[in-house]
Structure formats: C-alpha cells, structure tokens
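This report concerns only the one structure given below.
The values are calculated or read from the model by the stated rules, or taken from the named source; none is laboratory data. Values in this document were obtained by computation on a predicted structure and should not be read as measured data. Don't worry about glycine lacking a Cβ; one is built from the backbone with ideal geometry, like all the others, and counts go over all protein chains shown. The area values use the complete protein model at the heavy-atom level, side chains included, leaving out ligands, DNA and RNA. Shrake-Rupley method; radii C 1.70, N 1.55, O 1.52, S 1.80 Å.
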Amino acid sequence: SVAAPAAARPPEGPGDAADDEVVHDVVTGLFSQVFFEASLEKRVSASRRGLRPLSVAVIEVEVDVTGPEPHPADPHPVAEAMVAVFRDADTVARDDAGLFLVLLEDTPENGAVWCLERLRRRISETMPGHTTRAGLSCYPAYGFSGPQLVAQARAALELAREWPQDRIEVTAESPD
C-alpha cells in the first residue's frame, strides 16, 4: 500500500481500523473520497478568504484503451506515481469508483495543467501502454464551491474520454 505524503496524512492518534478506512482508501493507502470531500470544502473556504487559486482534478488511468476491452490500471503504481509527482501540500485521494482525485492548493489553471502533465509523463515513462486522462476545474475561474468544482472536473474527464490517447481537459463551464 502506498502511504500518503507525510504532510497529507492525518496526525497519528487514538482510533481504530474503521476510522482509518474512512480516511484512507484501503486499496492504495491514499486518502478516501470522504476525506477528500471534507478537505475540499475547508480548502475552498480558505482560498476564498485568502483570494488564492485552487484546482481540482479527476483522473483515470486505463490500459489497452484502443483494444477490445480497456480496463482500469492497477491502482498501486498509479498511486505511487501520484505521491511522487504531487506536493505534500496537495491532497491526493481515490474515490469509491476507483478514480483519482487531486486538490492542488495555491495552484491556478496553468500550474495545474503542468502538474497533471508531469503525472502523465511519469505514467507514460514508467507504465507503458497506459493512458492517462484528467478533467480539471479551478476556483475561482470556473466554480465557487467544492461540489461544483468536482462536478465540473468530472464533466471535463468525460470530454477527455472521447479521445483515444492521453488527454487533460479543462472545464469550459462558467461559475455563474
């Protein structure tokens, strides 16, 4: 199992395995969707107060996308690549459907695209035959709340899926 970056892990303390399963994805050791969603609201609020940008990405990595049966990549090496590429201040999680969620603090759209491109390159270099697709939304340019940003990033991922190769798609939706 891949450990989340030290700065992204909750402090050690009393608790049981059930508590850990709420906070961490049991397959990868990354944060869970529950933890991501709780963190996102706090980060959006802090970005609003400090007038700082924030980016949210939803990512999938698949194998054999042009073949008869494309399927999700083994999540362990993908999680390892994410931990290596993203900063300790970023929140990397895996949702209940097996997609990866990334919250990039103090990161505007162009910086987020570069971060996702670094991930794409790392996966392509270390995991040949894998296709990385990502949907991206940014606060305040495209959304004003956590759920809105995630929904827009998921919609952008759907657009990226229309391509038979690696693709990073930025939402075109307005926050209005």
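Only helices enter this figure: runs of n ≥ 4 DSSP H residues, each worth -39500 (n - 2.57), summed and divided by the residues of the chain, yield -12500 deg cm²/dmol at 222 nm to the nearest 500. In this label model, Ser124 and Val27 are separated by 2.5 nm, measuring between points 7 Å along each Cα→Cβ vector. Considering only DSSP states other than H, G, I, E and B, which GluC sites (Glu not before Pro) in segment 21-109 qualify as loop sites with at most 10 other Cβ atoms within 10 Å? The qualifying sites: there are none. The string of couplings for segment 69-80 from the Karplus curve (6.51, -1.76, 1.60, θ = phi - 60°) is 9, x, 8, x, 5, 4, x, 5, x, 5, 4, 4 Hz, one whole number per residue in order, with x for Gly and Pro. In this simple spin-label model, placing a label point 7 Å from the Cα along the Cα-to-Cβ direction at both Arg48 and Asp96 gives a separation of 2.5 nm.
Taking amide H atoms as placed 1.01 Å from N in the peptide plane, the amide H of His24 lies under 5 Å from those of Ser32, each 5 or more residues away in sequence or on another chain. Computed in the context of the full set of protein chains, the accessible area of the chain at 1.4 Å probe radius has 54% of its extent on carbon or sulfur. Taking label points 7 Å from Cα along the Cα-to-Cβ direction, Asp64 and Ala84 give a separation of 2.5 nm. Under a 5 Å amide H cut-off, with hydrogens placed 1.01 Å from N, Tyr139 pairs with Leu54, Ser55, Val56 among residues at least 5 apart or on other chains. What is the chain by shape, rounded, prolate or oblate, if you read a ≥ b ≥ c off the alpha carbon gyration tensor as root eigenvalues and call it rounded for a/c under 1.5, prolate for a/b larger than b/c, and oblate otherwise? In terms of gyration-tensor shape, oblate.
Each residue was assigned an accessible area with a 1.4 Å probe, and for Arg52 the value is about 90 Å². In the full protein context, the chain carries 50 Å² of accessible surface per residue, based on a 1.4 Å probe and ignoring ligands, DNA and RNA.
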